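The values are calculated or read from the model by the stated rules, or taken from the named source; none is laboratory data. Predicted model, so just to flag it, every value in this text is computed and none were measured. Ideal geometry is used to build each Cβ from the backbone, glycine not excepted, and the neighbour counts take in all protein chains shown.
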């Protein structure tokens with residue numbers, strides 16, 4: 001059998017297998033468990049990479065769970081797709097690749113970071129489950145299964161955020177996230193049920209092919225956009241995000257960044273592939289743009305006053321998500337206008353998609369460096385740190401790279417994606433670009449502050465015994481640094497190979513629908 | 001009109017759940033409100049799949065009846081129930097740990113995370 | 001939790017085992033009736049919670065070992081997973097045991113169509129849910145006892 005055909009299923013099977021086998025494997029002691037964690041996430045990464053190559057070479061690949069053949073989406077006599085269908089286009093494969101890289105880095109980091117704690121069998125289990133849920137959200141082609149995977153990833157992340165259950169703040173953050181996420185999920189389920197009641201199907205491509213705008217569809221759209229925007233942490237609904245990011249163990253925080261991107265993926269899938277050009281009004285695109293602007297500005301202005309390092313980065317996440325919403329919202333605004341699309345709309349989508357990659361990489365790296373500082377010094381507060389550059393040279397180097405990338409300094413990849421977003425949003429209205437620029441400047445200021453207080457300055461006497469973190473943690477960070485440097489040194493290659501197919505697939509609604517409905521025997 | 005009655009119940013229950021989550025101060029009551037929210041969505045799904053006079057959607061048990069209720073919403077409901085069970089268990093465990101740490105389950109008194 | 005009166009305990013003794021049988025019946029007939037792995041497993045798991053209510057936690061915790069439920073959980077999950085994998089090379093979760101409806105009717109054995117891996121998967125899920133839910137109930141009970149009876153830090157191994 002040809003394994004290439006089964007890649008969409010394998011990318012789910014491998015982390016699920018890891019989650020199921022972890023309790024058995026942890027009987028074999030610490031080493032077996034750590035090997036399992038790293039091996040599973042590495043295999044996921046390899047499969048994600050192969051899937052991405054396969055999709056780029058052969059177009060959209062889809063997979064029918066439990067079908068007589070993997071590609072039998074329309075069995076004889078059926079006009080509608082039946083069974084659970086996974087559908088992977090270039091955008092999903094791109095997202096799955098980002099997620100798998102981050103998952104691998106977080107796993108490597110967690111090996112040493114979590115070494116001191118008990119209950120690691122459960123940790124490995126939940127970590128693999130969170131990876132499976134995240135990748136499932138990205139590869140599924142079915143709106144109800146999207147709900148299932150969003151719940152799998154939420155439940156796994158409740159457990160992981162509250163993993164240090166002797167910390168009151170961790171419990172509180174987890175409870176807050178659980179409440180908000182449950183309300184959001186229920187809205188998604190209502191929306192899925194309403195779509196089923198209207199069209200008698202759940203497949204996203206099939207719904208997209210028959211959808212006509214009516215009052216029910218508008219309600220469904222608002223429910224889906226609202227709850228998914230909440231899950232990726234946009235401004236008015238962002239309050240769970242800094243708490244959850246700050247209180248989770250650091251390897252998990254790094255993965256949670258990718259999970260919030262999976263929610264963003266769902267938002268884009270709903271807007272572009274299900275609704276697409278039939279949306280007909282510019283209300284939702286403008287709503288996305290306004291959400292984006294608000295989260296950009298308020299996120300960063302709340303970040304500059306923080307003094308706890310992971311919380312500060314959490315608020316920066318809120319503001320970075322704003323950039324993607326801005327870019328993709330501008331693209332959605334001009335979706336049915338071919339001239340404006342060619343003029344600046346596609347640039348905006350490219351900028352948004354590239355920013356997803358960049359954000360996932362450098363934000364995960366920033367969280368890992370914060371975790372490394374916590375591991376080495378045991379401190380979270382910026383005011384208690386100082387002079388760490390001499391003690392932890394490698395961590396400092398990687399922090400500088402990530403901070404330069406997030407602030408959009410010219411040679412780095414953050415600059416490229418932000419430039420694309422500035423250019424295209426300027427064409428819509430100059431005000432959008434101005435807010436984005438101001439946010440970028442404030443981000444730079446905030447990270448200069450962190451760098452100055454934590455890494456430079458006089459050495460504190462309490463930090464005299466600090467050492468560089470162990471090798472496995474450094475390797476985890478190096479993986480992400482390599483991704484950032486690669487995208488920075490070869491921006492044109494990255495744009496043409498990685499980003500542009502993904503952006504093209506996102507815009508191409510008829511291709512997404514045709515792959516399922518035209519693929520029967 | 002009477003056919004729409006389940007959907008009115010769904011609307012009322014959903015609003016009750018939302019109000020309960022945002023208005024009550026007791027964590028246990030909040031967890032109950034989350035369950036009510038989930039139940040209202042489940043009722044919505046089941047009511048969606050019902051056909052008047054329909055029988056059970058298993059071919060050889062259906063007897064003489066020719067209309068069957070839709071099986072897909074029922075499968076969706078069962079899945080949602082399983083998920084709701086996991087979430088409820090987690091919420092209750094978290095409440096237990098909150099009680100252990102703070103000595104209270106009043107929302108207003110457990111605000112250690114601010115800003 | 002204190003043990004309840006002798007009436008309750010005797011009632012529990014008599015009726016608790018029927019819950020297991022009832023749950024097993026629901027699990028086994030999962031492919032042809034409403035119900036199935038999760039529902040049956042949940043019914044089986046009420047056995048443990050009934051024991052907890054009637055006999056009090058101290059006694060029940062001394063009777064059972066959590067590792068048993070843990071291994072039930074893992075066994076059920078792995079069985080389910082294996083059944084899914086055996087669908088290769090057709091597709092994941094392919095029902096490789098199913099017999100077409102016409103063949104069954106021609107051979108004339110009964111009216112119930114053999115549903116292949118669906119029945120086996122129901123049993124796997126039933127085992128898993130029975131183990132998992134019992135584990136949840138017992139762990140939540142242990143959680144109550146931990147904070148009533150001793151410092152929590154011994155359990156954690158988390159150095160602050």
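Whether any residue in the stretch C:138-154 is at pLDDT 85 or above, within 14 Å of chain A (Cβ to nearest Cβ) and part of a helix (DSSP H, G or I) is what I want to check.
Checking the stretch C:138-154: at least one residue is at pLDDT 85 or above, within 14 Å of chain A (Cβ to nearest Cβ) and part of a helix (DSSP H, G or I).
Filter the stretch A:9-32 for residues that are within 14 Å of another protein chain (Cβ to nearest Cβ) and more than 25 Å from the chain's Cα centre (by Cα); which is modelled with the lowest pLDDT?
Residue satisfying both the conditions and the ranking: A:26.
Taking the condition touching a residue at least 24 places away in the same chain (Cβ under 8 Å) and in a helix (DSSP H, G or I), does residue A:447 pass?
Criteria met by residue A:447.
For the stretch B:80-115, enumerate the residues that are at the interface with chain A (Cβ under 9 Å from one of its Cβ atoms) and at pLDDT 85 or above.
B:80, B:83, B:84, B:86, B:87, B:90, B:91, B:93, B:94, B:95, B:97, B:98
Do we find that residue A:2 is within 11 Å of chain C (Cβ to nearest Cβ) and modelled with pLDDT under 90 in this structure?
Against the criterion (within 11 Å of chain C (Cβ to nearest Cβ) and modelled with pLDDT under 90), residue A:2 qualifies.
Pick from C:79, C:52: which is surrounded by 16 or more Cβ atoms within 10 Å (Cβ to Cβ) and farther than 28 Å from residue B:76 by Cα?
C:52
For the stretch A:375-391: of the residues being in contact with a strand residue (DSSP E or B) (Cβ under 8 Å, 6 or more places away or on another chain) and over 11 Å from residue A:455 (Cα atoms), which is surrounded by the most Cβ atoms within 10 Å (Cβ to Cβ)?
A:380
Could you tell me which of the residues A:175, A:144 is without any contact (Cβ under 8 Å) to a residue 40 or more places away in the chain and facing another protein chain (nearest Cβ under 8 Å)?
A:175
Please tell me if residue C:57 is more than 12 Å from every other protein chain (Cβ to nearest Cβ), surrounded by 13 or more Cβ atoms within 10 Å (Cβ to Cβ) and modelled with pLDDT under 85.
So residue C:57 passes the test.
Which condition number in (1) within 14 Å of chain A (Cβ to nearest Cβ); (2) over 12 Å from the mean Cα position of the chain (by Cα); (3) surrounded by fewer than 21 Cβ atoms within 10 Å (Cβ to Cβ) is the one that residue C:8 fails?
With respect to (1) within 14 Å of chain A (Cβ to nearest Cβ); (2) over 12 Å from the mean Cα position of the chain (by Cα); (3) surrounded by fewer than 21 Cβ atoms within 10 Å (Cβ to Cβ), residue C:8 is out only on (1).
So which of A:399, A:357, A:367 is part of a helix (DSSP H, G or I), over 18 Å from the mean Cα position of the chain (by Cα) and assigned by TED's automatic domain parsing to the domain that holds residue A:472?
Numbers: A:357 fails: over 18 Å from the mean Cα position of the chain (by Cα); A:367 fails: over 18 Å from the mean Cα position of the chain (by Cα).
Being part of a helix (DSSP H, G or I), over 18 Å from the mean Cα position of the chain (by Cα) and assigned by TED's automatic domain parsing to the domain that holds residue A:472 holds for just one of A:399, A:357, A:367, which is A:399.
Please report, ordered by residue number, the helices (runs of 4 or more DSSP H) entirely within the stretch A:241-345 with at least 2 residues that are closer than 21 Å to residue A:174 by Cβ.
In the stretch A:241-345, the matching helices (runs of 4 or more DSSP H) lie at A:250-268, A:309-333.
Filter the stretch B:43-57 for residues that are in contact with a helix residue (DSSP H, G or I) (Cβ under 6 Å, 6 or more places away or on another chain) and surrounded by fewer than 20 Cβ atoms within 10 Å (Cβ to Cβ); which is modelled with the lowest pLDDT? Talk me through it step by step, then tell me what you get.
Residues of the stretch B:43-57 that are in contact with a helix residue (DSSP H, G or I) (Cβ under 6 Å, 6 or more places away or on another chain), as a first pass: B:43-49, B:57.
Those still in the list that are surrounded by fewer than 20 Cβ atoms within 10 Å (Cβ to Cβ) too: B:43, B:46-47, B:57.
Values: B:43: 92, B:46: 89, B:47: 89, B:57: 76.
Applying the filter and picking the extreme gives B:57.
Of the numbered conditions (1) surrounded by 21 or more Cβ atoms within 10 Å (Cβ to Cβ); (2) within 27 Å of residue A:87 (Cβ to Cβ); (3) at the interface with another protein chain (Cβ under 10 Å from one of its Cβ atoms), residue A:197 satisfies every one except a single condition; which is it?
Among (1) surrounded by 21 or more Cβ atoms within 10 Å (Cβ to Cβ); (2) within 27 Å of residue A:87 (Cβ to Cβ); (3) at the interface with another protein chain (Cβ under 10 Å from one of its Cβ atoms), the lone unmet condition for residue A:197 is (1).
Among the residues of the stretch C:64-76, write down those that are within 12 Å of chain A (Cβ to nearest Cβ) and either over 18 Å from residue C:31 (Cα atoms) or without any contact (Cβ under 8 Å) to a residue 12 or more places away in the chain (or both).
Passing the criteria: C:66, C:67, C:69, C:70, C:71, C:72, C:73, C:74, C:75.
Looking at this structure, is residue C:124 modelled with pLDDT under 80 and either in a loop (DSSP other than H, G, I, E, B) or more than 10 Å from every other protein chain (Cβ to nearest Cβ) (or both)? Walk me through how you get there before you give the answer.
Numbers: modelled with pLDDT under 80: no; either in a loop (DSSP other than H, G, I, E, B) or more than 10 Å from every other protein chain (Cβ to nearest Cβ) (or both): yes.
No.
Filter the stretch A:218-239 for residues that are in a helix (DSSP H, G or I) and crowded, with 24+ Cβ neighbours inside 10 Å and give the result. Step through it out loud before you land on a result.
Residues of the stretch A:218-239 that are in a helix (DSSP H, G or I), as a first pass: A:218-231, A:235-237.
Across the stretch A:218-239, the qualifying residues are A:220, A:224, A:227, A:228, A:229, A:231.
Right, residue B:48: more than 8 Å from every other protein chain (Cβ to nearest Cβ), part of a helix (DSSP H, G or I) and farther than 27 Å from residue A:314 by Cβ or not?
no
Taking the options A:263, A:209, A:227, name whichever one is away from chain B (no Cβ under 12 Å), modelled with pLDDT under 90 and more than 15 Å from residue A:161 (Cα to Cα).
Numbers: A:263 fails: modelled with pLDDT under 90; A:227 fails: modelled with pLDDT under 90.
From the options A:263, A:209, A:227, the qualifying one is A:209.
Given the conditions (1) in contact with a helix residue (DSSP H, G or I) (Cβ under 8 Å, 6 or more places away or on another chain); (2) assigned by TED's automatic domain parsing to the domain that holds residue A:358; (3) part of a helix (DSSP H, G or I), report the number of the one that residue A:502 does not fulfil.
Here residue A:502 clears every test but (2).
I'm told residue A:436 meets every condition in (1) surrounded by fewer than 19 Cβ atoms within 10 Å (Cβ to Cβ); (2) in contact with a helix residue (DSSP H, G or I) (Cβ under 8 Å, 6 or more places away or on another chain); (3) in a helix (DSSP H, G or I) except one. Can you identify the failing condition by its number?
Every condition holds for residue A:436 apart from (1).
Suppose we keep only residues that are facing chain B (nearest Cβ under 9 Å), closer than 20 Å to residue A:118 by Cβ and touching a residue at least 12 places away in the same chain (Cβ under 8 Å) within the stretch A:147-168. Which one would you say is surrounded by the fewest Cβ atoms within 10 Å (Cβ to Cβ)? Outline the logic, then answer.
Within the stretch A:147-168, the subset facing chain B (nearest Cβ under 9 Å) is A:147-148, A:151-152, A:154-155, A:158-159, A:162, A:165-168.
If we keep only those that are closer than 20 Å to residue A:118 by Cβ as well, we get A:158-159, A:162, A:165-168.
Imposing the further condition that a residue be touching a residue at least 12 places away in the same chain (Cβ under 8 Å) reduces the set to A:158-159, A:162, A:167.
Working: A:158: 24, A:159: 24, A:162: 24, A:167: 17.
Only one residue fits best here, namely A:167.
What is the one condition in (1) surrounded by fewer than 24 Cβ atoms within 10 Å (Cβ to Cβ); (2) within 7 Å of chain B (Cβ to nearest Cβ) that residue A:215 does not satisfy?
Here residue A:215 meets the rest and fails (2).
Inspect all residues belonging to the stretch A:79-94 and state whether any of them is out of contact with any helix residue (DSSP H, G or I) (no Cβ under 6 Å at 6 or more places or on another chain) and over 23 Å from residue A:270 (Cβ atoms).
Looking for residues that are out of contact with any helix residue (DSSP H, G or I) (no Cβ under 6 Å at 6 or more places or on another chain) and over 23 Å from residue A:270 (Cβ atoms), one finds at least one in the stretch A:79-94, hence yes.
When residues of the stretch B:21-34 are filtered for being more than 11 Å from chain A (Cβ to nearest Cβ) and in a helix (DSSP H, G or I), how many remain?
4
Can you name every residue in the stretch A:100-122 that is surrounded by fewer than 24 Cβ atoms within 10 Å (Cβ to Cβ), within 14 Å of chain C (Cβ to nearest Cβ) and assigned to a helix (DSSP H, G or I)?
Answer for the stretch A:100-122, where residues must be surrounded by fewer than 24 Cβ atoms within 10 Å (Cβ to Cβ), within 14 Å of chain C (Cβ to nearest Cβ) and assigned to a helix (DSSP H, G or I): A:120, A:121, A:122.
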